[in-house]
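The values are calculated or read from the model by the stated rules, or taken from the named source; none is laboratory data. Quantities reported herein were computed from a predicted structural model and do not represent experimental measurements. Neighbour counts run over all protein chains shown; Cβ positions are idealised from the backbone, glycine included.
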Amino acid sequence: MYLFSWLVWDPNPIIFKIPFWQHPVTWYGVLFALGFLVGYFLIRRIFGVQLSLCKREEGEKSIKLQAITLTDHITVLVVLLGIIGARLGHIFFYDWLYYKEHPFDIIKIWEGGLASHGGAIGILIAICVFTLWHRREYPSFTFLATLDAIVIPAAFAGGCIRIGNFINQEILGVATDLPWGVIFMHPVEGARGIPLHPVQLYESLFYFLVFAFLLILWRKMDGRLGLGILAGWFFTLVFTFRFFIEYLKLPQSNLISEKALLNMGQILSLPMILFGLLLLATYKMHVKREK
């Protein structure tokens, strides 16, 4: 009956293997890389506009080269600290009971295990490092200005990664009898052959919508950054959605009881939501003072 009622999902997560080396190239890896690649060129564009607003006397070529250099720096920091933060977040927030017994598995990042909340913390640290690194030569690239620039491509990358999770049959939803339920034939967490909410696609679609909203808002602001309005909307929208979508997900953390009022994802989302609301409130205060 299920075969005729719901989508049966069982793709091969491996696209191909690199000849001679036999290393698998996965859909998740390609989508992960796509998110960062698009993000790189988008950040370079945003940084270029920011530089042109602050250094109008300099030539276009000089501004372009500076934008490339700054983008290279922030990209390295975000990728490095973001992945480290996501890995540590998964270990300590979701699967500590396993890793404390298997400490050598901590470095096996190629086997999966990244947490978005930990990644967000890692990216915030990366922005702090970037800001301190360039505060003398580029004083306009404050923490909030850089954060405003980063959250736009971050929303796009988040959408790509969730599609990768869907292909990997991980981060699964609870059972459903809705017509768009998905039957995962090789799910990571079990529940094989039962129609589940495709929560990965719910999140992916929402992240792409947030990406479009932030990009439009940035353009309406004539490319100006610095007051945290974009970051405020990102943290408020993304993590509020994340808080409520957790009700449709299967438990992921072995540190929180299934009977608990809130799960780990919801607990970690609350400070992110408060941070976003604080940025929005602070922005409004600045606007009122300027008026």
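Tabulated data for the structure shown
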read-out	value
Within the range 115-142, considering residues that are among the hydrophobic types (A, V, I, L, M, F, W, C) and under 18 Å from Thr69 (Cα atoms), the one surrounded by the fewest Cβ atoms within 10 Å (Cβ to Cβ)	Leu132
Number of the condition not met by Ser140 [criteria: (1) modelled with pLDDT under 90; (2) in a helix (DSSP H, G or I); (3) not aliphatic (A, V, I, L, M)]	(2)
Test for Gly193: is it farther than 30 Å from Arg224 by Cα and surrounded by 21 or more Cβ atoms within 10 Å (Cβ to Cβ)	no
For Ile171: the one exception among (1) part of a loop (DSSP other than H, G, I, E, B); (2) aliphatic (A, V, I, L, M); (3) closer than 17 Å to Leu214 by Cβ	(3)
Options Ile127, Ile106: the member that is farther than 16 Å from Gly35 by Cβ, aliphatic (A, V, I, L, M) and in contact with a Ser or Thr (Cβ under 7 Å, 6 or more places away or on another chain)	Ile127
Leu132, sole failed condition from (1) touching a helix residue (DSSP H, G or I) at 6+ places or on another chain (Cβ under 8 Å); (2) outside any loop (DSSP other than H, G, I, E, B)	(1)
Residue match in the range 95-106 (condition: in a helix (DSSP H, G or I), among the hydroxyl-bearing types (Ser, Thr, Tyr), in contact with a helix residue (DSSP H, G or I) (Cβ under 9 Å, 6 or more places away or on another chain) and crowded, with 20+ Cβ neighbours inside 10 Å)	no
Residue in the range 143-159 that is surrounded by fewer than 21 Cβ atoms within 10 Å (Cβ to Cβ), among the β-branched types (Val, Ile, Thr) and modelled with pLDDT of 90 or more present	no
Residue count for the range 66-80, restricted to those that are buried (at least 21 other Cβ atoms within 10 Å of the Cβ) and either more than 16 Å from the chain's Cα centre (by Cα) or farther than 15 Å from Ala149 by Cβ (or both)	2
Members of the range 254-277 that are more than 16 Å from Ile121 (Cβ to Cβ) and not acidic (Asp, Glu)	Asn254, Leu255, Ile256, Ser257, Lys259, Ala260, Leu261, Leu262, Asn263, Gln266, Leu277
Close pairs (8 angstrom Cβ cut-off, 6 or more residues apart or separate chains): under 15 Å from Tyr202 (Cβ atoms) in the range 145-172, among the small types (Gly, Ala, Ser) and outside any helix (DSSP H, G or I) anywhere	Glu170/Gly112; Leu172/Ala191
Options Leu217, Leu209, Leu205; residue that is touching a helix residue (DSSP H, G or I) at 6+ places or on another chain (Cβ under 7 Å) and part of a helix (DSSP H, G or I)	Leu217
Any hit, the range 9-23, residues being in a helix (DSSP H, G or I), in contact (Cβ under 8 Å) with a residue 12 or more places away in the chain and aromatic (Phe, Trp, Tyr)	no
Every residue from the range 15-35 that is more than 21 Å from Ile216 (Cβ to Cβ) and either crowded, with 17+ Cβ neighbours inside 10 Å or touching a His at 6+ places or on another chain (Cβ under 7 Å) (or both)	Lys17, Thr26, Trp27, Tyr28, Leu31, Phe32
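Every residue, every condition in (1) within 16 Å of the chain's Cα centre (by Cα); (2) part of a loop (DSSP other than H, G, I, E, B), yes or no:
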| position | (1), (2) |
| --- | --- |
| Ile150 | yes, no |
| Ile167 | no, no |
| Arg192 | no, yes |
| Leu201 | yes, no |
| Gly223 | no, yes |
| Gly226 | no, yes |
